[in-house]
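What follows is calculated from the coordinates using simple rules that are stated; it is not laboratory data. Not measured: the values here are computed from a predicted model. Positions of Cβ are generated from backbone atoms using ideal geometry, with glycine treated the same way; all protein chains shown enter the neighbour counts.
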Amino acid sequence: GNSVTQMEGPVTLSEEAFLTINCTYTATGYPSLFWYVQYPGEGLQLLLKATKADDKGSNKGFEATYRKETTSFHLEKGSVQVSDSAVYFCALGAGLGNEKLTFGTGTRLTIIP
Amino acid sequence: GAVVSQHPSRVICKSGTSVKIECRSLDFQATTMFWYRQFPKKSLMLMATSNEGSKATYEQGVEKDKFLINHASLTLSTLTVTSAHPEDSSFYICSAIEPALGSDTQYFGPGTRLTVL
């Protein structure tokens with residue numbers, strides 16, 4: 001079946017540091033890939049997505065590239081801010097009209113000034 | 001943007017009682033909603049898919065008689081935890097699909113923290 005393996009946290013970085021959160025997946029077919037973010041006290045929000053190989057999703061300075069050859073969708077940001085502190089979830093959608101999502105375990109990110 | 005609300009945000013109940021959690025899409029009609037359960041420091045586990053006007057589809061290992069789901073309208077789905085026990089204590093999250101934005105993007109509610117004493 002489908003699965004998502006995500007870098008375990010927590011991750012603590014200083015402001016303006018470079019961020020990478022690793023995510024790899026196992027899936028059949030042609031899945032879509034997502035990063036969701038959960039800020040303290042709020043629900044999950046879609047951060048970015050990519051629907052096919054070599055697509056790059058980007059939003060709010062975050063980027064992730066759908067790499068089929070390495071089955072990866074790593075999240076990156078060049079310069080993090082305190083406001084980026086949150087829990088980040090990598091997720092996989094089965095595609096082909098199947099809207100079910102399979103989530104990774106989440107990575108708690110804390111940015112210190 | 002697409003907003004999903006949940007009510008209540010927190011509930012504490014005694015063992016053996018039933019609890020109803022509501023999930024509403026506030027500014028769009030959602031033909032499909034999902035219910036998840038999130039364990040501490042763990043990922044979201046999909047419990048069931050709720051389609052308006054039809055029976056919910058439950059994931060393997062989820063007891064349909066314990067977790068009753070009703071999707072009576074295009075903006076409301078409810079999850080009822082029947083005869084709750086302490087092991088049902090968890091964070092329950094719903095999501096909905098905004099059809100106009102494509103079927104592969106889910107919008108999540110803020111979650112409901114259930115504590116069973």
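Quick notes on this structure:
- Across the protein assembly as shown: Cys residues that no other cysteine approaches within a C-beta distance under 4.7 Å: B:C13
- The local environment of A:A17, defined by Cβ-Cβ distances under 12 Å, has a net charge of -3 under the rule Lys, Arg +1 and Asp, Glu -1.
- In terms of surrounding Cβ atoms within a 10 Å radius of their Cβ, B:I21, A:I111, B:I12 rank from fewest to most as B:I12, A:I111, B:I21.
- Treating each Cα of the protein assembly as shown as an identical point scatterer and summing with the Debye formula, the log10 of I(q)/I(0) at q = 0.11, 0.16, 0.18 Å⁻¹ comes to -0.56, -1.13, -1.35.
- For the stretch A:23-113, size of Cβ-based charge dipole, Lys and Arg +1, Asp and Glu -1, in debye: 60
- Comparing B:G16, B:G61, B:G53 in a Gaussian network model of chain B where C-alpha atoms under 10 Å apart are linked, the largest mean-square fluctuation is found at B:G61.
- Between B:S90, B:S15, B:S43, the Gaussian network model of chain B with springs among Cα atoms under 10 angstrom shows the greatest mean-square fluctuation at B:S43.
- For chain B, modelled as a GNM whose springs connect Cα atoms under 10 angstrom apart, the maximal fluctuation among B:C23, B:C94, B:C13 occurs at B:C13.
- Couplings 3J(HN,Hα) of the stretch B:11-23, computed from phi: 8, 10, 9, 8, 4, x, 8, 10, 10, 10, 10, 9, 10 Hz, in residue order, whole Hz [Karplus 6.51 cos²θ - 1.76 cosθ + 1.60, θ = phi - 60°; x for Gly and Pro].
- Whole-Å distance, taken between Cα centres, linking the stretch A:51-113 and the stretch B:38-112: 23
- All Cα-Cα separations within the stretch B:1-95 were binned at 10 Å from zero, giving a P(r) of 16, 51, 30, 3, each value a whole percent of the pairs.
- Percentage of interatomic Cα-Cα distances in chain A larger than 17 Å: 50
- The mean number of partner chain beta-carbon atoms within 10 angstrom of a residue's beta-carbon across peptide B:105-111 is 6.
- Projecting the Cα atoms of B:H71, B:Q38, B:I97 onto the charge dipole of chain B (Cβ charges, centred on the Cα centre) puts B:Q38 farthest toward the positive pole.
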